[in-house]
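The values are calculated or read from the model by the stated rules, or taken from the named source; none is laboratory data. Being a predicted model, the structure only gives us computed values, none of them experimental. No Cβ is skipped: glycine too gets one built from the backbone with ideal geometry, and neighbour counts run over all protein chains shown.
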Amino acid sequence: MEDVFKALADPTRRRILDELAERDGQTLFEICGRLLSEHGLDLTRQAISQHLAVLESADLVRSRRQGRYKFHDLNTEPLQHIVNRWLTPKTPEDTP
């Protein structure tokens, strides 16, 4: 879970997640273009690639190859674990 919080701490990575939440399955080129046009972030592809690597290590983003293209997809499972841990009401049966 520590990796998830580290990944979410950076505003650029949160914007990448926002973009993937809006439209899943984007290539690095598409993500770079959307960050520039939608948010004014003029970052190199290498910088965005490094951010994606952090998001992948936290399992917030999964990538898949299709031919010569690499697509990035949002994975919300780690976020769901956080919600379940702190935001889901506990029932008396859940308490040991």
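Key figures for this structure:
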{"item": "Residue in segment 26-45 that is touching a Phe, Trp or Tyr at 6+ places or on another chain (Cβ under 6 Å) and surrounded by 13 or more Cβ atoms within 10 Å (Cβ to Cβ) present", "result": "yes"}
{"item": "Those residues of segment 30-53 which are on the phi < 0 side of the Ramachandran plot, in a loop (DSSP other than H, G, I, E, B) and not hydrophobic (A, V, I, L, M, F, W, C), in sequence order", "result": "ASP42, THR44"}
{"item": "Filter pass, HIS72 being surrounded by 10 or more Cβ atoms within 10 Å (Cβ to Cβ) and either touching a residue at least 60 places away in the same chain (Cβ under 8 Å) or in contact with a Phe, Trp or Tyr (Cβ under 7 Å, 6 or more places away or on another chain) (or both)", "result": "no"}
{"item": "Any hit, segment 54-70, residues being at positive phi, at pLDDT 95 or above, among the charged types (D, E, K, R) and not in a helix (DSSP H, G or I)", "result": "yes"}
{"item": "In segment 1-13, the residues that are surrounded by 13 or more Cβ atoms within 10 Å (Cβ to Cβ) and either in contact with a Phe, Trp or Tyr (Cβ under 9 Å, 6 or more places away or on another chain) or part of a helix (DSSP H, G or I) (or both)", "result": "ASP3, VAL4, LYS6, ALA7, LEU8, THR12, ARG13"}
{"item": "Number of the exception - GLY25 against (1) at positive phi; (2) over 14 Å from the mean Cα position of the chain (by Cα); (3) in contact (Cβ under 8 Å) with a residue 24 or more places away in the chain", "result": "(2)"}
{"item": "Filter result for ARG15 (at pLDDT 95 or above, of a type in the set (D, E, K, R) and under 14 Å from the mean Cα position of the chain (by Cα))", "result": "yes"}
